[in-house]
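Any read-out appearing in this document is the output of simple, stated calculations on the displayed coordinates, not a laboratory observation. None of these values were measured; they are calculated from a predicted model. All Cβ positions, glycine included, derive from the backbone under ideal geometry; neighbour counts span all protein chains shown.
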Amino acid sequence: MCGIVGHLGPMGSVDIVLEGLKRLEYRGYDSSGVSFINENGIINTFKKEGKLENLVQLLEDKDTASMISIGHTRWATHGGVNDTNSHPHSIENLSMVHNGIIENADILREGLIKEGYTFKSETDSEVFLIMVHSLMKSMPLGEAILKGFSQISGNSAFVFIHGEEKEIYAIRKSAPLVCGTHSANSHALVSSDAYALVGVADRIYFPEDNVLCHLSGKNKELISFYDTDGRPSKRYTSKVQSTQIDPSDKGDYEHFMLKEINEQSGLVRSLCQYYFEGDGSTFLNDIGKLRPSKFHISACGTAYYAGLVVKNFIEGINRIPCSTELASEFRYRNPIVNDGEVGLFISQSGETADTLACQEECVKLGVKTLSLVNVEGSSLYRGCDHNLLIRAGMEIGVASTKAFTQMGLTGRLLSFALNEKYTDKEARRELAAKVSLLADRMDEVLGRESEIKAIAEEIYNKKGYFFTGRNIYFPIALEGALKLKEIAYVHAEGYASGELKHGPIALIDEEMVNIAIVGPELKDKTVSNIQEIKARKGIIVSIGPEDDKNLKKMSDYFIGLNFDGLEELSPLYVNLVNQLLSYYMAKFKGTDIDKPRNLAKSVTVE
């Protein structure tokens, strides 16, 4: 969740780190800080609560000339949000940043207090810093980090600098960490996200767990890797990376979220082309040979709701049973997993801690693992036997939009690959035509933004919101409610339409809004559920077939859609309306749409 950036190079280190942290703002954070080594070999540390711009202002009148620095954006877990708990943490001439949680920090802290140490912060992170400092009394920094790392519990990534050594050390366990170099320009970097390295590094490295990364100008390649026994390690992968900065400006859009909503129709078209006509066809061919007897789908948040969509595809079309569970619950309930079954894991970042833990559990249980993931080279991507990239591109908005659509559509392509009709050219043509139709219909909805915006303006100040849908639209109701909660900070819940009368209907009054998804399937039953809300004076916003005059008449607000020809893909179509409604309701409320409070893009703690 926290953003980490470290840099070693000939000049301008602090500026490079600050630029990297700026790119990682999308992850969510509540404070930031930097440590750098000045020309006298002394570490200077500055940190500030709030947005990164607060830190930048703090540094304006400071001499930040340095060739080595580390920076951090913190999302609070242990200890309140304040300058003291912010990272980096420093002791004497040693400084450290941390992403993750040290589960046995309290026990370790007690031992260090007995040694005579005092703690400045409330964080678990400072415990490891002081532990390493204590170990350095009898061994070099690299050895101290390895020895200390073997004594902590939990998933973490750490980056250290020391004023005398003028080098960077980093290590990880089930937390994101990537290194990069540009040999010609003598730059070496480390980060929690490869995006921070774009434009500076021309080669990136993905170290495995428990590998010590040593960034130093003394190293031939600027970086070297060591196993826990101190011997050189080959447990990493590397690849060439373009130094061209990825386009990540908002363009003419007010928010990244709106930009990403509008990108979806183009991404839908390109995904189908990639997997049917491009290099992705190889991946579909390989996965089509799996023939699993069952899928265990695990994910969190929006990815979990996408998993419910994927479950509907696989069970409805392939008749392969799927269990879809929250990753935070799956591994703690002693799951029953048998030979021939496959673990399917869905994640935008590929670094979601709970999802990674489930993948590792399935590996221990001896079954194949498959991911639907956006980030090539992420921890999930590297850990799975098979991967299908959702190819959503960089998603800056914390509340996921285009990634959800791409996850769902990639799941449909997975379903097709598992079908015996996969090699049938006519079947491919039919599905490609349906995907193209989906993209066209999405473009039509995007052309109706002003209509949806007007409805949002009418309802954004109501007391609460129920999103409802039946069958294949139930996951869309769940996702719609989540999106509204995330960015508008209002109470919203998603329900199967028929469930409202089993309790939640007690909340319905003239200040409650029912956003009702009404597809062609089970339409009459869904409409009867709407009538139950209407009879209790609830406000009805219906999203349904454009030619349904009865539905339009009973609704306070009606958004008519053309479902013809979309069939199983129609949930992805409907969801676009929910995204636009949520966006404009949040806009009218004046919230921070791209960076909602308390949320992080990549959730790397359990």
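Descriptive notes on the structure:
- Candidate lysines - alpha carbon under 17 Å from residue 501, same-chain residues fewer than 8 apart omitted: 525, 534, 537
- Helix-only CD estimate at 222 nm, as mean residue ellipticity for the chain, using -39500 (n - 2.57) per DSSP H run (n ≥ 4): -11000 deg cm²/dmol
- The convex hull around the C-alpha trace of the stretch 448-594, projected and averaged over every direction, spans 7.8 square nanometres.
- With both residues required to sit in the chain, DSSP beta bridges show an antiparallel share near 60%.
- FRET E, pair residue 279, residue 549, Förster distance 45 Å, beta-carbon r, rounded to 0.05: 0.40
- Only Lys, Arg (+1) and Asp, Glu (-1) charged, at Cβ; the stretch 484-606 dipole about Cα centre in debye: 400
- The modelled label-to-label distance between residue 40 and residue 376, using points 7 Å beyond Cα along the C-beta direction, is 4.9 nm.
- Here the label points at residue 229 and residue 164, each 7 Å from Cα along the C-beta direction, are separated by 2.9 nm in the simple model.
- Only Lys, Arg (+1) and Asp, Glu (-1) charged, at Cβ; the stretch 77-175 dipole about Cα centre in debye: 180
- Residue 391/residue 186 FRET efficiency (R0 35 Å; Cβ-Cβ; nearest 0.05): 0.55
- Charge dipole of the chain about the Cα centre (unit charges at C-beta), most positive-ward option of 118, 275, 392: 275
- For the pair residue 597 and residue 147, the difference between a 0.36 nm per residue extended length and the Cα-Cα distance amounts to 158.3 nm.
- Mean shadow area of the chain over all directions, Cα convex hull, nm²: 28.0
- Think of the stretch 45-180 as a dipole: +1 on every Lys or Arg Cβ, -1 on every Asp or Glu Cβ, centred on the Cα centre; then among 76, 138, 102, 102 lies furthest on the positive end.
- Local electrostatic count, residue 130, Cβ distance below 9 Å [Lys/Arg +1, Asp/Glu -1]: -1
- Listed residue pairs exceeding 22 Å between alpha carbons, taken from 294/483; 483/553; 47/114; 173/485; 51/595; 259/589: 294/483; 483/553; 47/114; 173/485
- Subtracting the Cα-Cα distance of residue 429 and residue 286 from 0.36 nm times their residue separation leaves 49.5 nm of extension gain.
- Theoretical FRET efficiency, 1/(1+(r/R0)^6), r = Cβ-Cβ of residue 219 and residue 329, R0 56 Å, to 0.05: 0.80
- Solvent-free Debye scattering, log10 I(q)/I(0), computed from the Cα coordinates of the stretch 11-133 at q = 0.18, 0.23 Å⁻¹: -0.93, -1.35
- The stretch 3-240 shape via C-alpha gyration tensor axes, a/c threshold 1.5: rounded
- Rg(Cα) / (2.2 N^0.38 Å) computed for the stretch 249-445, rounded to two decimals: 1.00
- Counted charge near residue 318, where neighbours are those whose Cβ lies closer than 13 Å (Asp, Glu -1; Lys, Arg +1): +3
- Set the Cα radius of gyration of the stretch 117-216 against 2.2 N^0.38 Å, with N its number of residues, and you get 1.13.
- Spin-label pair residue 137/residue 537, simplified geometry with 7 Å Cα→Cβ offset, distance in nm: 7.2
- Charge context of residue 581, other residues only, Cβ under 10 angstrom, K/R +1, D/E -1: +2
- Stretchable slack from residue 510 to residue 54, in nm (0.36 nm times residue separation minus alpha-carbon distance): 159.8 nm
- When the charge dipole of the stretch 448-594 is built from unit charges on Cβ atoms (+1 for Lys and Arg, -1 for Asp and Glu) and taken about the Cα centre, the candidate among 528, 488, 454 whose Cα reaches farthest toward its positive end is 528.
- Unit charges on C-beta of K, R, D, E only; dipole of the chain, Debye: 820
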